Amino acid sequence: MTRRIAVVAAGLGQPSSTRLLADQLAAATVRALGNSAVQVVELREHAHALVDNMLTGFPAQDLGRAIDAVVRADGLIVVTPIFNASYSGLFKSFFDVLEPESLEGKPVLIGATGGTARHSLAIDHAVRPMFSYLRAAPVPTGVFAATADWGDADSGLTGRIDRAAGELANAIAGRQNSGPVDPFENPVSFEELLAR
Ligand SMILES: Cc1cc2nc3c(=O)[nH]c(=O)nc-3n(C[C@H](O)[C@H](O)[C@H](O)COP(=O)(O)O)c2cc1C
């Protein structure tokens, strides 16, 4: 069975260190999991559509497709740049427009990039609580990559990536994805409604 992995990258730069970390996390997850298909959602491409969605309540077509890929995935990799010691506004906006229960039980690997390793705990004090609130299932290891980690063979970044990817692969393999909740799947019959 092919497992679907959706990757949400919220970097603004081009090239983007956030996208680089997202790609490395995805590659490591595919290595650990085997048969899997990866779909990347670059949020900067949906920035205007996200604001429109917040104002109108409806996603434009491309954003709708991106949301669909995320809610139908067997597992998620989410990577935000750290802005002012927390997730970026663009990252938060994407999760703000999702239906409230659409990530329930979904395994999530959290990654973040930043200028300084001193802000690595933003993963645990800011990003993880949001996914807990959404009743997703974040894996224990979050991966923070500071500017100094890139190109430093002793930074331990590769080990952190492999460890977190292994946790995500295990969580995906152990889970039967039921997909998004379909409110019309088991409708209450009229007889039952009248009897109440
Ligand atoms: C407005 C702003 C605020 C930032 N605040 C922080 C911060 O609090 N801590 C930190 O480590 N880096 C901070 N940074 C640096 C970014 O997190 C870093 O440049 C990021 O990895 C860039 O990602 P990208 O290359 O994918 O766009 C900030 C950058 C910007 C533009």
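The values are calculated or read from the model by the stated rules, or taken from the named source; none is laboratory data. Since we're looking at a predicted model, the values are computed, not measured. In this analysis, Cβ positions are derived from the backbone assuming ideal geometry, glycine residues included, and neighbour counts consider all displayed protein chains.
Between Ala117, Ala66, Ala122, Ala164, which is among the small types (Gly, Ala, Ser) and surrounded by fewer than 18 Cβ atoms within 10 Å (Cβ to Cβ)? Outline the logic, then answer.
Numbers: Ala66 fails: surrounded by fewer than 18 Cβ atoms within 10 Å (Cβ to Cβ); Ala122 fails: surrounded by fewer than 18 Cβ atoms within 10 Å (Cβ to Cβ); Ala164 fails: surrounded by fewer than 18 Cβ atoms within 10 Å (Cβ to Cβ).
When all the criteria are applied, what remains is Ala117.
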Members of region 97-144 that are within 23 Å of Leu33 (Cα to Cα) and among the hydrophobic types (A, V, I, L, M, F, W, C): Leu103, Val108, Leu109, Ile110, Ala112, Phe131, Ala136, Ala137, Val139, Val143, Phe144
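I'd like to know if region 82-90 contains one or more residues that are assigned to a helix (DSSP H, G or I), at negative phi and within 15 Å of the ligand (Cβ to nearest atom).
Filtering region 82-90 for residues assigned to a helix (DSSP H, G or I) gives 89-90.
Cutting the leftovers down to at negative phi gives us 89-90.
Next, only the ones that are within 15 Å of the ligand (Cβ to nearest atom) stay: 89-90.
Looking through region 82-90, at least one residue is assigned to a helix (DSSP H, G or I), at negative phi and within 15 Å of the ligand (Cβ to nearest atom).
Quick one: which residue in Val7, Val38 is modelled with pLDDT of 95 or more and surrounded by 20 or more Cβ atoms within 10 Å (Cβ to Cβ)? Can you show your working first?
On the way: Val38 fails: surrounded by 20 or more Cβ atoms within 10 Å (Cβ to Cβ).
Result: Val7 is the single residue among Val7, Val38 that is modelled with pLDDT of 95 or more and surrounded by 20 or more Cβ atoms within 10 Å (Cβ to Cβ).
Test Glu104 against the stated conditions and say whether it is more than 13 Å from the chain's Cα centre (by Cα) and part of a loop (DSSP other than H, G, I, E, B). Break it down stepwise before answering.
On the way: more than 13 Å from the chain's Cα centre (by Cα): no; part of a loop (DSSP other than H, G, I, E, B): yes.
Here the answer is no, as Glu104 does not meet what is asked.
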Quick one: what pairs do we get from region 148-170, first residue closer than 14 Å to Gln24 by Cα, second in a loop (DSSP other than H, G, I, E, B), C-beta under 6 Å, 6+ apart or different chains? Asp149/Ser155; Arg163/Thr141; Ala164/Thr141; Leu168/Val139
Selection within region 25-50 - within 13 Å of the ligand (Cβ to nearest atom) and in a helix (DSSP H, G or I): Leu43, Arg44, Ala47
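Thr113 - would you say it is within 15 Å of the ligand (Cβ to nearest atom) and in contact with a Ser or Thr (Cβ under 6 Å, 6 or more places away or on another chain)? Walk me through it before giving the result.
Values: within 15 Å of the ligand (Cβ to nearest atom): yes; in contact with a Ser or Thr (Cβ under 6 Å, 6 or more places away or on another chain): yes.
Against the criterion (within 15 Å of the ligand (Cβ to nearest atom) and in contact with a Ser or Thr (Cβ under 6 Å, 6 or more places away or on another chain)), Thr113 qualifies.
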Filter region 129-171 down to the residues that are away from the ligand (no atom under 16 Å from the Cβ), outside any helix (DSSP H, G or I) and within 16 Å of the chain's Cα centre (by Cα) and list them by number. Leu134, Arg135, Ala136, Ala137, Pro138, Val139, Pro140, Thr141
Give Glu45, Glu101 a once-over and let me know the one that is touching a residue at least 12 places away in the same chain (Cβ under 8 Å), closer than 30 Å to Met1 by Cα and surrounded by fewer than 18 Cβ atoms within 10 Å (Cβ to Cβ). Glu101
Given (1) within 22 Å of Ala137 (Cα to Cα); (2) within 16 Å of the ligand (Cβ to nearest atom); (3) in contact (Cβ under 8 Å) with a residue 60 or more places away in the chain; (4) surrounded by fewer than 20 Cβ atoms within 10 Å (Cβ to Cβ), number of the condition Leu20 does not satisfy: (1)
Could you give every pair whose Cβ atoms fall below 8 Å, whose first residue belongs to region 107-120 and is under 11 Å from Ala145 (Cα atoms) and among the β-branched types (Val, Ile, Thr), and whose second residue is part of a strand (DSSP E or B) and within 11 Å of the ligand (Cβ to nearest atom), counting only separations of at least 6 or pairs across chains? Thr113/Val79; Thr113/Thr80; Thr113/Pro81; Thr113/Phe144; Thr113/Ala145; Thr113/Ala146; Thr116/Ala146
Does Ala6 qualify as being more than 15 Å from the ligand (Cβ to nearest atom), assigned to a helix (DSSP H, G or I) and either in contact with a helix residue (DSSP H, G or I) (Cβ under 7 Å, 6 or more places away or on another chain) or within 15 Å of Arg65 (Cα to Cα) (or both)? no
